[in-house]
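K.L.:
Right, I'll just put the structure down here and ask away after.
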Amino acid sequence: MSGIKRKKIAEEEEELNLTPFLDVMITLIPFLMLTASFFSVVVLEAKLPTPIPPDKMQEVKMPPPFDLVVMVPKDSIKIYVNNKDPLGPPQYAVAALDRKDSTTFSDEQLKSFHAILVEIKKKFPTEERMALDPHPALPLEKLSEILDQSKTFTSTDAAINENPEFKANMRLFPGIAMKGVYVP
Amino acid sequence: MSAGGGGAQVKGGKFGRGGANIQRPVVLNLTPMIDMMTILVVYLVMSYSADPATLANSKDIQLSRVQITSEKPKELSVISLSKDMLLLDGKPICPVIINPKDGYPDFPDSVWSGFFIAPLKEALDKVKENAQAIERINPNKPFNGEILLHADHAIPFATLKPVMRSAGNAGFRQIKIAAKGMN
């Protein structure tokens, strides 16, 4: 090949046609931006109480060895632990009167509630069950906050350093049953 | 990534003095735009989620916010409850009305069957039958009574109760409530 021919080929270098690539990109970006969600969805588990079959009624211990009930009326969070009188005063309570029209609890109220559950867990380290009895007017946001605070320890809880099992599984009271929903 | 040599030629204006008509091609450099678009597409594709909870998300439903929980949703049937409609897997079940007695969102009288929402229970019975049929063919996919509840954050518990009760009666006793995670 002569020197002139080689020079001609170099001059006539093919250009990359970017038009189809740009077309695809311009279609893909608006589609992805419109359909993408920029938050993560998590799930909170709540079990419905299962009726005890009549043949197993004799095996049920009365009163139960551990009975933790969280009642959430409009103005407070009431916590009953092995309470013999269901209408009596709760062992623990978090006042929430100032936030009764709000759809959320305040950070202080949630921290107090979580701290109470951690204290109860320290006394009953093997127990994981909890019954939740919300008021009919309680919005889902508050219900979700209660479920969220009850399931696991947080990394800032000092109790996880006191018991290696707490640190290993981080489980607070994950076995939550909705007391207000009776399913025949 | 860079698309080297990307450019488009456009005709330049007149250059030079004294009216000399010298037309030079002006090359539009597309490389930075292609770089930016590629990065954007990769980011969007990586963050794209097709889980059922995200797909069920709509403008009518604003999820609750939670701080601690980080459990991700599994592939489940989804009950969606907004202020004006109850849906199962995106199919409308019944409208949601306002109860004049207490002002809570409620369901029309025609859909009630005792303590249950009849159309929801019927639809969930079918979902359960399908899940059990799948379990018979593939024992690795057992029916475990889990259902995802995708409801608006302001819905009161009084409205959630009949939905949960209907789900429980159809065999779905493990209710997974969808929420927005902070992590």
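For (1) within 8 Å of chain A (Cβ to nearest Cβ); (2) without any contact (Cβ under 8 Å) to a residue 40 or more places away in the chain; (3) exposed (fewer than 14 other Cβ atoms within 10 Å of the Cβ), each residue gets a yes or a no:
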{"site": "B:Cys94", "(1), (2), (3)": "no, yes, no"}
{"site": "B:Phe157", "(1), (2), (3)": "yes, yes, no"}
{"site": "B:Arg165", "(1), (2), (3)": "yes, no, no"}
{"site": "B:Gly181", "(1), (2), (3)": "yes, no, no"}
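K.L.:
Hey, any hits in the range A:165-172 for a residue that's under 25 Å from A:Pro51 (Cα atoms) and within 13 Å of chain B (Cβ to nearest Cβ)? Talk me through it step by step, then tell me what you get.
P.N.:
To start, the set of residues in the range A:165-172 that are under 25 Å from A:Pro51 (Cα atoms) comprises A:172.
Narrowing the set further to residues that are within 13 Å of chain B (Cβ to nearest Cβ) leaves A:172.
Scanning the range A:165-172, I find at least one residue that is under 25 Å from A:Pro51 (Cα atoms) and within 13 Å of chain B (Cβ to nearest Cβ), so the answer is yes.
K.L.:
Just to be sure I understand, how many residues within the range B:167-179 are at the interface with another protein chain (Cβ under 7 Å from one of its Cβ atoms), closer than 14 Å to B:Glu122 by Cα and within 21 Å of the chain's Cα centre (by Cα)?
P.N.:
0
K.L.:
Could you grab me the full set of residues in the range A:101-137 that are within 13 Å of chain B (Cβ to nearest Cβ), surrounded by fewer than 21 Cβ atoms within 10 Å (Cβ to Cβ) and assigned to a loop (DSSP other than H, G, I, E, B)?
P.N.:
Across the range A:101-137, the qualifying residues are A:Asp101, A:Ser102, A:Thr103, A:Thr104, A:Ser106, A:His135, A:Pro136, A:Ala137.
Results for (1) assigned by TED's automatic domain parsing to the domain that holds B:Val66; (2) closer than 21 Å to A:Lys142 by Cα; (3) in contact with a helix residue (DSSP H, G or I) (Cβ under 6 Å, 6 or more places away or on another chain), shown as yes or no for each residue.
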site	(1), (2), (3)
B:Arg136	yes, no, no
B:Pro142	yes, no, yes
B:Gly145	yes, no, no
B:Leu149	yes, yes, no
B:Ala158	yes, yes, no
B:Lys161	yes, yes, no
B:Met164	yes, yes, no
B:Gly171	yes, no, yes
B:Ile175	yes, yes, yes
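K.L.:
Would you confirm whether any residue within the range B:108-118 is surrounded by fewer than 14 Cβ atoms within 10 Å (Cβ to Cβ) and either in contact with a strand residue (DSSP E or B) (Cβ under 9 Å, 6 or more places away or on another chain) or facing chain A (nearest Cβ under 7 Å) (or both)?
P.N.:
Among the residues of the range B:108-118, at least one is surrounded by fewer than 14 Cβ atoms within 10 Å (Cβ to Cβ) and either in contact with a strand residue (DSSP E or B) (Cβ under 9 Å, 6 or more places away or on another chain) or facing chain A (nearest Cβ under 7 Å) (or both), which makes the answer yes.
K.L.:
For the range A:1-48, what are the residues that are surrounded by fewer than 16 Cβ atoms within 10 Å (Cβ to Cβ), in a loop (DSSP other than H, G, I, E, B) and modelled with pLDDT of 85 or more?
P.N.:
A:Asn17
K.L.:
Give all pairs with beta carbons closer than 8 Å in which a residue from the range A:33-55 that is more than 7 Å from chain B (Cβ to nearest Cβ) meets a residue that is assigned to a helix (DSSP H, G or I); count only pairs at least 6 apart in sequence or on separate chains.
P.N.:
Hits for this filter: A:Phe38/B:Ser47.
K.L.:
Looking at (1) part of a loop (DSSP other than H, G, I, E, B); (2) surrounded by 13 or more Cβ atoms within 10 Å (Cβ to Cβ), which one does B:Ala131 not meet, given that it meets all the others?
P.N.:
Condition not satisfied by B:Ala131: (1).
The values are calculated or read from the model by the stated rules, or taken from the named source; none is laboratory data. Computed from a prediction, not measured in an experiment: that's the story for all the values here. Quick reminder, even Gly has a Cβ in these numbers, built from the backbone with ideal geometry, and neighbours come from all protein chains shown.
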